[in-house]
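Chemist: First, the structure itself, so that you have it in front of you.
The values are calculated or read from the model by the stated rules, or taken from the named source; none is laboratory data. Every value quoted in this text rests on a predicted model; they were computed, and no experiment measured them. Cβ: placed from backbone, ideal geometry, glycine included. Neighbour counts: every protein chain shown.
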Amino acid sequence: MQTPSFTQRPASRSSSLLKFLVVVAISLNLLGLCAQADDGKTTLRYFPSGPIYEYRWQLLELALAHTRASDGPVRLVPYTEEVSQNRGMELLQAGQINVIALGTNAERESHMLPIKIDILRGLVGFRLLVIRAADQARIAQMDEQALRKQLTFGLNSQWADVPIMQAGGFTVVTATNYENLFGMLAGERFDAFPRGLNEAARELEERKDSYPQLVVEKSKALFFPYPVYFWVNKNDTALAQRIERGLNLSLADGSFRKLFETYHANEIAALAKEHRQVIRLPNPVLPEKTPEPDTHWWWK
């Protein structure tokens, strides 16, 4: 028997069916449900992606592997469209992204569900200064007060560290595009670009041909509490619980620490040899009762 085509159905039934399918699709997205492929693996889309974020997704893969026996296999897929952090968070809330990995603040915790295990152990809060090489001698002579009065710092306007720097008394220039900040620094639009200990050298190595005049400043560093979490949709408690279990299991068997130390070995070794003036800043946007970062894996 030949099955009637969709166009053979009465118009009213077709319209009703189409509306029903749209509602179902939207509902699944809003619930943050994950797609399951033909091979049985659940696909999780993550944000942000790129070389400086690679460790974060290696750690998530490790955590999910620890729960594979009870919760099934997972395939991690980057969200490849170029979007801002704010847009990425909107897509998470809409169910189009399943997991993001960003620093915390009270506003983010009100809209998304964090897994409150600091995946970078405070490392991102240890900020080196990317500067123009010609300014190295001048900055090396500055004390803490001079840094605040004489230097202008560049940041992405959507990053959670903007209010931290401003509250600390630093002059901040912002841009909406991360990549533009390197060009702005090279073009003397500001004097220093604070980057995490795990970010500065990697970023400059990737851009050495485009910006050979930029270097990591040798004498100063900033430090403020800045935990980085995995986040999921508010409704996706099952995924949050799975990630938390996996992270705790990897902490217990030492594989979390091994991955962290292996991935950041060069930065940890370099820091141990350096003698930097570390300027400590409070973080006024941290949610209440957020614990101080445990840095003993890399900075004692």
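Chemist: Residues that are over 13 Å from the mean Cα position of the chain (by Cα) and modelled with pLDDT of 95 or more: find the strands (runs of 3 or more DSSP E) completely inside segment 54-130 holding 3 or more of those. Write out each step before concluding.
Modeler: Numbers: elements: 74-78, 99-103, 113-115.
Fully inside segment 54-130 and qualifying: 74-78.
Chemist: Let me ask something else. Report, by residue number, each residue of segment 244-269 that is among the small types (G, A, S) and touching a residue at least 24 places away in the same chain (Cβ under 8 Å).
Modeler: Initially, segment 244-269 is screened for residues among the small types (G, A, S), giving 246, 250, 252, 254-255, 265, 269.
Selection gives G246, S250, S255.
Chemist: Which of (1) in contact with a helix residue (DSSP H, G or I) (Cβ under 9 Å, 6 or more places away or on another chain); (2) surrounded by 15 or more Cβ atoms within 10 Å (Cβ to Cβ); (3) assigned to a helix (DSSP H, G or I) does R138 not meet, given it meets every other one?
Modeler: Every listed condition holds for R138 apart from (2).
Chemist: Please give the number of the condition W159 fails out of (1) outside any helix (DSSP H, G or I); (2) closer than 20 Å to I268 by Cβ.
Modeler: In the conditions (1) outside any helix (DSSP H, G or I); (2) closer than 20 Å to I268 by Cβ, W159 misses (2) alone.
Chemist: Is segment 168-181 home to any residue that is more than 24 Å from L281 (Cα to Cα), assigned to a helix (DSSP H, G or I) and within 21 Å of the chain's Cα centre (by Cα)?
Modeler: Scanning segment 168-181, I find at least one residue that is more than 24 Å from L281 (Cα to Cα), assigned to a helix (DSSP H, G or I) and within 21 Å of the chain's Cα centre (by Cα), so the answer is yes.
Chemist: Same structure again: Identify all residues within segment 253-300 that are among the acidic types (D, E) and either within 23 Å of P163 (Cβ to Cβ) or over 22 Å from the mean Cα position of the chain (by Cα) (or both); write none if there are none. Steps first, answer last, please.
Modeler: Step one: filter segment 253-300 for residues among the acidic types (D, E), giving 253, 261, 267, 274, 288, 292, 294.
Scanning segment 253-300 gives D253, E274, E288, E292.
Chemist: Related question: If you scan segment 126-141, which residues turn out to be touching a residue at least 60 places away in the same chain (Cβ under 8 Å) and either in the same structural domain as N98 (by TED's automatic domain parsing) or among the hydrophobic types (A, V, I, L, M, F, W, C) (or both)?
Modeler: Once the filter is applied, which keeps residues that are touching a residue at least 60 places away in the same chain (Cβ under 8 Å) and either in the same structural domain as N98 (by TED's automatic domain parsing) or among the hydrophobic types (A, V, I, L, M, F, W, C) (or both), segment 126-141 yields F126, L128, L129, V130, I131, A133, A134, I139, A140.
Chemist: Return the only residue of R121, R127 being out of contact with any His (no Cβ under 7 Å at 6 or more places or on another chain), at positive phi and crowded, with 19+ Cβ neighbours inside 10 Å. Before the answer, list the steps.
Modeler: Values: R127 fails: at positive phi.
None of the others qualify; the one that does is R121.
Chemist: Filter segment 242-300 for residues that are part of a helix (DSSP H, G or I), in contact with a Phe, Trp or Tyr (Cβ under 6 Å, 6 or more places away or on another chain) and within 22 Å of E217 (Cα to Cα) and give the result.
Modeler: Listed by number, the list holds a single entry, I268.
Chemist: From E199, E206, E217, E188, which residue is in the same structural domain as M165 (by TED's automatic domain parsing) and on the phi > 0 side of the Ramachandran plot?
Modeler: On the way: E199 fails: on the phi > 0 side of the Ramachandran plot; E206 fails: on the phi > 0 side of the Ramachandran plot; E217 fails: on the phi > 0 side of the Ramachandran plot.
From the options E199, E206, E217, E188, the qualifying one is E188.
Chemist: Take segment 262-280 and flag every residue that is surrounded by fewer than 11 Cβ atoms within 10 Å (Cβ to Cβ) and among the basic types (K, R).
Modeler: Matches in segment 262-280: K273 only.
Chemist: Taking segment 189-228, which residues are assigned to a helix (DSSP H, G or I) and within 23 Å of L102 (Cβ to Cβ)? Can you show your working first?
Modeler: From segment 189-228, those assigned to a helix (DSSP H, G or I) are 200-206; that's our starting set.
Selection gives A200, A201, R202, E203, L204, E206.
Chemist: So, one more: Of these, R108, R45, R56, which one is closer than 14 Å to L239 by Cα, buried (at least 19 other Cβ atoms within 10 Å of the Cβ) and out of contact with any helix residue (DSSP H, G or I) (no Cβ under 6 Å at 6 or more places or on another chain)?
Modeler: Working: R108 fails: closer than 14 Å to L239 by Cα; R56 fails: closer than 14 Å to L239 by Cα.
The unique qualifying residue is R45.
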